[in-house]
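What follows is one structure encoded as structure tokens, with my remarks underneath.
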Amino acid sequence: MSNYWRFSRSAYYSVVAALPLLVAYEILVILTQSRYWSLRNAADMWIRTFLMAFDLQAQHLAFVMIGILFALIPLAKSYSTGVRLKVNYFALMLAEAFVYSLLLGGLLQSILRVSGLSSGGPGNGPLQNFALSLGAGLFEEIIFRVLLLNLLFLLLKPLLKSKVSAAVVSVLVASFLFSMSHYIGTMADQWEWYSFMFRWVAGLLFTVLYFMRGFAITAYTHALYDIWVLV
């Protein structure tokens, strides 16, 4: 099992595990809506808007993103020295993420009950909420954990002269922005102090999990947790 803990948090496994999340999300979005932009995860829309700046057509973006993931596989493999793909490890990763989603879900739902908040999802159909859950697990973890968290750490480390201080501030800021993102845009939630704090705590927990178990486990845990809440 020692190899499992190392392999499953590697960049190689993270990129490969992201592929089924992306493909399933795209298929469900196509099946459950009539217009391309009518119902998508906000973080997904930010990434798509960025890609469209390169003169790409909206209907081609799914294939572009899948192509990017395939292109990243050999790079991630070369970065993950000694890591080999094992099918049974992916099954273990899904089971591990399932357990974490239940543990985090129990903790976060306890916070909701104490604060008097509702845990109900948006007023969409179950299949649409399932799609949004997959998109949240994939795209929000890419933006707020993989990109923003690491970028903040790189910028703050030389300024604060301490890796620990830079890491703590990066985690707090990235989690703060993760929570704030839910109140931005035309489909944003209505601002509530308690819901903001709840999401900030959720962001902190997902960040801790990202540091401990890597992107793949965190993305699947996030997606599964959202499924329990939204579907």
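The values are calculated or read from the model by the stated rules, or taken from the named source; none is laboratory data. Please read all numbers here as calculations on a predicted model, not as lab measurements. Using ideal geometry, Cβ is built from the backbone for each residue, glycine included, and neighbour counts are taken over all protein chains shown.
Looking at (1) of a type in the set (A, V, I, L, M, F, W, C); (2) under 26 Å from GLU96 (Cα atoms); (3) more than 15 Å from the chain's Cα centre (by Cα), which one does PHE196 not meet, given that it meets all the others?
Condition not satisfied by PHE196: (2).
Looking only at residues in segment 179-199 that are farther than 16 Å from LEU132 by Cβ and surrounded by 17 or more Cβ atoms within 10 Å (Cβ to Cβ), which one is modelled with the lowest pLDDT?
SER195
Can you tell me how many residues in segment 210-231 are surrounded by fewer than 21 Cβ atoms within 10 Å (Cβ to Cβ) and either among the hydroxyl-bearing types (Ser, Thr, Tyr) or closer than 27 Å to ILE73 by Cα (or both)?
3
Per-residue answers, yes or no, for (1) among the charged types (D, E, K, R); (2) over 18 Å from the mean Cα position of the chain (by Cα); (3) under 20 Å from SER10 (Cα atoms):
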| site | (1), (2), (3) |
| --- | --- |
| ALA42 | no, no, no |
| MET45 | no, no, no |
| GLN57 | no, yes, no |
| PHE63 | no, yes, no |
| ILE66 | no, no, yes |
| ALA71 | no, yes, yes |
| PRO74 | no, yes, yes |
| VAL83 | no, yes, yes |
| TYR100 | no, no, yes |
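Regarding segment 49-64, can at least one residue be identified that is within 23 Å of THR221 (Cβ to Cβ) and surrounded by 12 or more Cβ atoms within 10 Å (Cβ to Cβ)?
Within segment 49-64, not a single residue is within 23 Å of THR221 (Cβ to Cβ) and surrounded by 12 or more Cβ atoms within 10 Å (Cβ to Cβ).
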